[in-house]
Each structure stands twice: as structure tokens, then as C-alpha cells.
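Notes for the one structure printed next.
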């Protein structure tokens, strides 16, 4: 949404494309859990490396886009500063309420629909019979279909694919989904991660979660700000493709 302040359409679209490479705070629970489980000696170093990797790939993607899809010179940035006035408390509160209400109305409705859909897929099988544990659910079936895509990254288990799908609603949901599907609960999921990942695969998984498509609220905002569905689909596919390639490289180098 902050890209609205940019004067040129080229700069605005490039900014929207590159912003999701910067790690959001919703991914911190994933980083914290995996670094504690697999890299307890250097957790801070691993987390700093993740943030640095997101910045580096964002910069590299920016250079690539300037040479391909976004050729041309940037629009000079000129800002005319107004006379500043100290705002009244009423003005600030009204502005805060207006912006918060706009986000809740637009983003929360999409989040709610996506969450209901994920809950439905996780609760029922293909015959709409309730399931327990998620093993026979429609979400498990989708996870098994996608398992082959993640096999080269070192985590072919359908439970990991299912967790990444739920992460599309909110990145924190990756941990809660793994907790449910492994039967360990939130408190004990860290100990069960070694059943699903080797250290090299865990590093690849961290890189993938760092870079793959942002959550549904962000994607919905991208659609509104970008102005068309094709651009939004391109951003989602591009980011997920970069995430897959980066996770593949990390896994095989460390392996």
C-alpha cells in the first residue's frame, strides 16, 4: 500500500513485486522453532542469515527485472513538502480508525474465507466424512499430490506440504498445522521435526518459507494495488519459483 506514494507506474509495480522478499514478523515462529530444533548452537546467526538472504534475493530480482520486464529509466522522485502542523488528537484518532477499518474489512474477509476453506479441507475426506488427525482428509490428499514437488528439497512428507498450504492463510499456521498433523501438539512439535527433516532439509525449508508466496491478505492487497489478476498471479508464481530454486540449492549444498 505504501507504493502508492511512488510517482511512476514502473517503480510502483517493481516495489510491489520485490517487497514480499523482505521477511515479515509472522514467519518468526517458524524461524524460532526450526533454529532451536536443528541449529541450537547458532540460532541468531541462522536468523540473521535468513533476513540477509531475503534482502539479497530482493536486490538481485530488482536488477533482473530492470533488465527484462521493467526496462526504462526511473521517474525522478520529487516531493514538495507542505507546511507542517501539529495534528489534533481527534484528527489522528479518526485517521487511525479509518485505516484500521479499511484493512479489517478488506483483508479479514479474505483471511476468514481462506481459513474456513483450509479448515474444511483438513476436517473432511473426499466423501465429506469427518476425519481425525488429518491423515485421511482432503488436505492430506492435496499434500500427497504436492509431495513430489518438495521431494528434491528434502521434505517429501505430505504433512510438510499440507503445512505450507495452510501457511498461505497466515504464516504462523505452518507451525500449528505441523503440530496437529504430527500429533505432538504445539509444545512438542519441535521434538517431532527430526522425523520430517534432516538439518540440510530444515535449512532448505527455512529458505522456502522465507521466500514463497506471501499470505492471502498480502496477495489480496497486491491484487488491489497492482490493478490486475495477471500481475498478482505472476508475483505469486515468481516468488514460489525463486523459493523452490533457492531451497533446492541450499539443501543440496549443505547435503
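Structure above, values below:
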{"item": "Hits in segment 42-74 - residues which are within 22 Å of residue 199 (Cα to Cα) and either surrounded by 12 or more Cβ atoms within 10 Å (Cβ to Cβ) or over 23 Å from the mean Cα position of the chain (by Cα) (or both)", "result": "42, 43, 46, 47, 49, 50, 51, 53, 54"}
{"item": "Count of segment 148-187 residues which are within 30 Å of residue 109 (Cα to Cα), in a helix (DSSP H, G or I) and touching a helix residue (DSSP H, G or I) at 6+ places or on another chain (Cβ under 7 Å)", "result": "20"}
{"item": "Helices (runs of 4 or more DSSP H) enclosed by segment 1-112 - at least 2 residues per element that are touching a helix residue (DSSP H, G or I) at 6+ places or on another chain (Cβ under 9 Å)", "result": "9-18, 28-38, 43-67"}
{"item": "Whichever residue in segment 113-134 is at pLDDT below 75 and closer than 17 Å to residue 220 by Cα and, among such residues, is surrounded by the fewest Cβ atoms within 10 Å (Cβ to Cβ)", "result": "115"}
{"item": "Any hit, segment 146-155, residues being under 21 Å from the mean Cα position of the chain (by Cα), at pLDDT 85 or above and under 16 Å from residue 177 (Cβ atoms)", "result": "yes"}
{"item": "In segment 207-227, the residues that are closer than 15 Å to residue 15 by Cβ and either touching a residue at least 60 places away in the same chain (Cβ under 8 Å) or outside any loop (DSSP other than H, G, I, E, B) (or both)", "result": "214, 218, 221, 222, 224, 225, 226"}
{"item": "Number of positions in segment 228-255 that are within 27 Å of residue 3 (Cα to Cα) and not in a helix (DSSP H, G or I)", "result": "1"}
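Quick grid of which residues meet (1) surrounded by fewer than 17 Cβ atoms within 10 Å (Cβ to Cβ); (2) closer than 22 Å to residue 49 by Cβ; (3) in contact (Cβ under 8 Å) with a residue 24 or more places away in the chain:
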site	(1), (2), (3)
162	no, no, yes
182	no, no, no
188	yes, no, no
231	yes, no, yes
254	yes, yes, yes
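The values are calculated or read from the model by the stated rules, or taken from the named source; none is laboratory data. Everything numeric here is computed off the predicted structure, so don't read it as measured data. No Cβ is skipped: glycine too gets one built from the backbone with ideal geometry, and neighbour counts run over all protein chains shown.
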